[in-house]
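Everything below concerns the one structure shown next.
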Amino acid sequence: MQTTLSKNAAILVVDDNALILQLVSSWLDNKGYRVSFATNGKQALSIAQTVAFDLILLDVQMPDLDGYEVCQRLKEIPETKNIPVIFLTAKSETEDLAHGYEVGGVDFITKPFNPVELLARVKTHIELKRALDFMKEQKEAELKESEERFTQIVEQTNEMIWEINSDGMFTYVSPGCELIYGYQPDELIGKKYFYDLHPEEGRESFKQALLTIFTFKKPFRELINAGMTKSGNLVWVSSNGLPVTDVSGNLIGYRGAEYNITDRKLAEEALRESELKYRSLIENAFDAIFLIKNGRYEYVNQHFCEITGYTKEALIAQPYSPKQLFAEYEDYLMEGIADLPGADFKDGLFEVLLVQKDGKLLEVEVSVVTLSINNRRSILGIVRDISGQKKMIRELKKAKDKAEEMNRVKSHFLALVSHELRTPLNGILGFAQILNSELLDQDLHHMTEVILRSSQRLKSTLSNLLDLTRIEASRLDVKYKPLDLSMVVQKEISFFFPMAVEKAIELTLEISAKDAVVVAEEGMLKSIINNLIDNAIKYTEYGSVTVKLYNRSLEQGTGIVLEVADSGMGIPDDMKTIIFEEFRQVSEGISRGFEGTGLGLTLTKKYVQLLNGDIEVCDNAPRGSIFRIILPLELEKSNAAPEHGESGSADTVHPKAKPVDAAKINPRILNVEDDLVSQSLISKLLRPLGSVETAKNAHEALRMVAQAQYDLILMDINLGKGMTGLDAVQEIRKMEQYKTIPIIAITAFAMESDRDEFIAKGCSNYLSKPFDNGALVNIVKSILSVDVENT
Ligand code: ADP
């Protein structure tokens, strides 16, 4: 029975014996084989080439060509060489067998034949052949597939696969060479040595290095080298190569591959360059920088070494100890910097003391940041020396304290000077007024007028100085009330008409404001108006001064503008802000052309600010300046009826003071005054109103009031050494008979807050030096002539 492997097998039987031929053929036929036969060698050779036989049964002894010869020839013909040949022979000598195998036979069947044996052998050899054929076909198919795969990979890959001979000449390159070098494969093969592609510079040494590798027949991996493309650009490649040797171990060449790493190389170079750049930046940074990892210094820059006094090597070698480095620190900061596990550390900026190697302390600012580098925690610290800065701050603070102290001293000094000037000025003004009213001689009268004007100017300078002192000491006790600005302006401008006439300047007032009620202090308003009009006339040689009052809408409502425009000399642009500073004038120094202290505008601006207003200055066309004061109209407050006129004198009647009996003839007046000039002035002024006695200090006054009953006491507050006037008033008020006697405080300390204190301590009225003669006489008259009140 045929198996699948031997099914339909074709067999050629060759024998010159017709009987054997028939017999064997019939056996095979019976088994289903396709049988052909030949009766001699030549016939066998020709039939064997026409059909693909699976087996040839070949008789050895035949005339002409014997079986061995036929077999030998069959093995020489490509179409028949693989057909297994079984010899049919009568001989079974060893020599014959050996010869049969030598010429390519696979088996012998010895005559006379046993059909079972013959068929079994036929079947085995056919199956063997078919199995071999099958395996061969499979191998060939696999080989083909592998070849195809290899070719595809080689064709598709971006790498260049190459082979060189032992001289280094290319014998094969894959198409990838075009991608890398721009050459076609045939431009390289047989024409260029692998080192020809290397840049000219360094080509020779590269060639020698590779030839040395070749002599040792060593493989190489990831060999990075440079090459030039066909168009002359530099490329970087990474090459792998394996030596190829013959069976005797002689080097035939190398086989390998290389791929383009130019991008990677450039990226690496850029990275290296950038790292170098940052490293040198950090290294040369002005700040001291350190990096802590695992409780050790990972990196410190040069400045860190300089600031600490340690060398880089010393720092890197030892574990990091925050206590060694910083003297004043928060524990958690140090734990953080030390990178202690579980430290509750927050990044931040800290001021600490750095302990330098020699033990000196340095004030530094440390900024600490936690970094995560490759998932590992690191601490980056930046230390900055702030000792200079700190020293500067301390010095600045000292300077500021000193400046403030100086300012206090200045204010005190100004207050003192003002007081010391006021007392003598009182005498000058007072007597000049008396002389002015009594002297009939024209020349003398004129002279007293000059004295009076000069004293008035001195008085107003003193007032300005005192006001400035008060504002700076924040001691200005402002009493705000609704005031009709138009009334105040009309009144104040009237004082300037004589001055304007004298200078032949036209002075006009234009009021277009519908509402002019502001909440202010009258004294301040007057001072503002006077300063501006006074300056306008002072700095105008010819032309006009126009004062306007009009409304303007402001962000927070309606406002009122007081505008003073002149046709005078004008103010240069660079002086427009400076003139508002204390003691500053456009023309300064000994060559200045106008009198004045440079305080008027300073005060004006401060007053305007206290009134929540603004002041501005600009040029007037075609010449001169315009000053504008803009004040808010505070409607709620201004609902109250505005006051128009004089705010009353500086005196205030003490509620307990009882007016003097009008019927009293020649009332007794006690004047307590240490200054001789003031004593005689007051005596002279009050003599017509009563009998004036004088005490020159507090003790004398107390003695006198204890011995006599006075109807009015004038008390100077500053009485030189010993008890003050206030002390005396308090003592006097303790006496039953003086509980309600009017006491007028007279003082050169002209502060509003002082006045309140005087009243609180028992004075009934208040008058500041230098006073106007009329003011003193009026106040005394008003006290002495008031009708008796029954209390
Ligand atoms: P004073 O007038 O006492 O010098 P001010 O503070 O009032 O002080 O003025 C400061 C300076 O501003 C003046 O010295 C003057 O140079 C300048 N100035 C003020 N008003 C005018 C004006 N209307 N025209 C020109 N210059 C002025």
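Worth pointing out:
- Any hit, segment 146-153, residues being open to solvent by less than 30 Å² (accessible area, probe 1.4 Å), assigned to a helix (DSSP H, G or I) and more than 19 Å from Lys265 (Cβ to Cβ): no
- Asp477 being more than 28 Å from Tyr542 (Cβ to Cβ), open to solvent by 30 Å² or more (accessible area, probe 1.4 Å) and at pLDDT below 85: yes
- Residue among Asp674, Asp651 that alone is open to solvent by 20 Å² or more (accessible area, probe 1.4 Å), touching a Phe, Trp or Tyr at 6+ places or on another chain (Cβ under 8 Å), modelled with pLDDT under 95 and not in a helix (DSSP H, G or I): Asp651
- Condition met for Ala695 (under 18 Å from Lys769 (Cβ atoms) and either in contact with a helix residue (DSSP H, G or I) (Cβ under 7 Å, 6 or more places away or on another chain) or surrounded by fewer than 17 Cβ atoms within 10 Å (Cβ to Cβ) (or both)): yes
- Any pair with Cβ under 6 angstrom, 6 or more apart, that starts in segment 599-628 at a residue that is at positive phi and ends at one that is within 11 Å of the ligand (Cβ to nearest atom) and not in a loop (DSSP other than H, G, I, E, B): Gly624/Asp566
- Of all residues making up segment 54-88, the number that are without any contact (Cβ under 8 Å) to a residue 40 or more places away in the chain, part of a helix (DSSP H, G or I) and either over 18 Å from Ala10 (Cβ atoms) or open to solvent by 50 Å² or more (accessible area, probe 1.4 Å) (or both): 6
- Complete set of residues in segment 535-572 that are touching a Pro at 6+ places or on another chain (Cβ under 9 Å), in a loop (DSSP other than H, G, I, E, B) and of a type outside the set (S, T, N, Q): none
- Segment 532-586 - residue that is aromatic (Phe, Trp, Tyr) and within 12 Å of the ligand (Cβ to nearest atom) and, of those, farthest from Thr461 (Cα to Cα): Tyr539
- Any hit, segment 306-329, residues being surrounded by fewer than 17 Cβ atoms within 10 Å (Cβ to Cβ), over 24 Å from the mean Cα position of the chain (by Cα), modelled with pLDDT of 70 or more and of a type in the set (Asp, Glu): yes
- Applying the condition of being among the polar types (S, T, N, Q) and surrounded by fewer than 20 Cβ atoms within 10 Å (Cβ to Cβ) to segment 501-531 and asking which residue is farthest from the ligand (Cβ to nearest atom) yields Ser512.
- Matching option when the condition is part of a helix (DSSP H, G or I) and in contact with a Ser or Thr (Cβ under 9 Å, 6 or more places away or on another chain), among Arg121, Arg130: Arg130
The values are calculated or read from the model by the stated rules, or taken from the named source; none is laboratory data. Quick caveat: nothing in here was measured; it's all calculated off a predicted structure. Glycine gets a Cβ as well: all are built from the backbone with ideal geometry, and neighbour counts include every protein chain shown. Just the protein is used for accessible areas: all its heavy atoms, side chains included, with ligands, DNA and RNA removed. Shrake-Rupley method; radii C 1.70, N 1.55, O 1.52, S 1.80 Å.
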